[in-house]
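Enquirer: Structure below; questions to follow.
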Amino acid sequence: MKYMAVVFGLISAGLSMQAVAATQAPEKMSCKEFVALDDAVKPKVVYWAEGLNKNGKPVDSVVDVDETDKLVPVLVSECKESPEQPLMKKVKEHAAKNAAPKAASAVPGNASVKPVKMSCKEFVALDDMVKPKVVYWAEGFSKKGKPVDSVVDVDETDRLVPVLVTECKETPKLTFWQRIKKHF
């Protein structure tokens, strides 16, 4: 009987942890909440926040994967120092520091891309590690002008990546943005 209680407790804990990671509201998230996220979820939230941070910016915004990947541990460190700060404030502070425009490369798999202008063919050619990051960024970007209670559904967005790859393979001349915006 003890064994069953332990197994049930572990299963319940696992399910509740998954539920916590499934949906996040980065716009309302404190640094303390960000630090408490699973390490696999933190980069997804940061990419989403980076996309949202482009709110009102020109459509040729660039996702700099290398810079954003480096930003995740910096945000974790800074958020540990000031846990009550809003996460978006930290993201905006770093965006202001790195405001110099960067050119996106057409080289497949390159770490700087323009999701709003790239073709489906270019999206499919990206490295498989970059594709989900671009999708999270694009989802955040699509929320510009929407209510502050916008959320990112990690599980749903993770499932969207292979769907977009398949759709883009079928319609390589469409823009990635035309493809992805129908999912939001």
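Enquirer: S150 passes all but one of (1) of a type in the set (S, T, N, Q); (2) in a helix (DSSP H, G or I); (3) in contact (Cβ under 8 Å) with a residue 24 or more places away in the chain; which number fails?
Expert: The one condition S150 does not meet is (2).
Enquirer: Moving on. For the stretch 66-90, give me each residue that is β-branched (V, I, T) and free of Cβ contacts under 8 Å to residues at least 60 places away in the same chain.
Expert: Hits for the stretch 66-90 are V72, V74, V76.
Enquirer: Out of all the residues in the stretch 148-158, which are among the charged types (D, E, K, R) and either over 13 Å from the mean Cα position of the chain (by Cα) or farther than 16 Å from K133 by Cα (or both)?
Expert: D149, the sole residue that qualifies.
Enquirer: Now a separate question. Counting only residues that are at pLDDT 80 or above, under 13 Å from the mean Cα position of the chain (by Cα) and at negative phi, give me the helices (runs of 4 or more DSSP H) lying completely in the stretch 47-146 with at least 1 of them.
Expert: Filter on the stretch 47-146 gives 65-81, 87-97, 131-142.
The values are calculated or read from the model by the stated rules, or taken from the named source; none is laboratory data. Note that the coordinates shown come from a computational prediction; the quantities given were computed from them, not determined experimentally. Here Cβ is always computed from backbone atoms with ideal geometry, including for glycine, and neighbour counts include all displayed protein chains.
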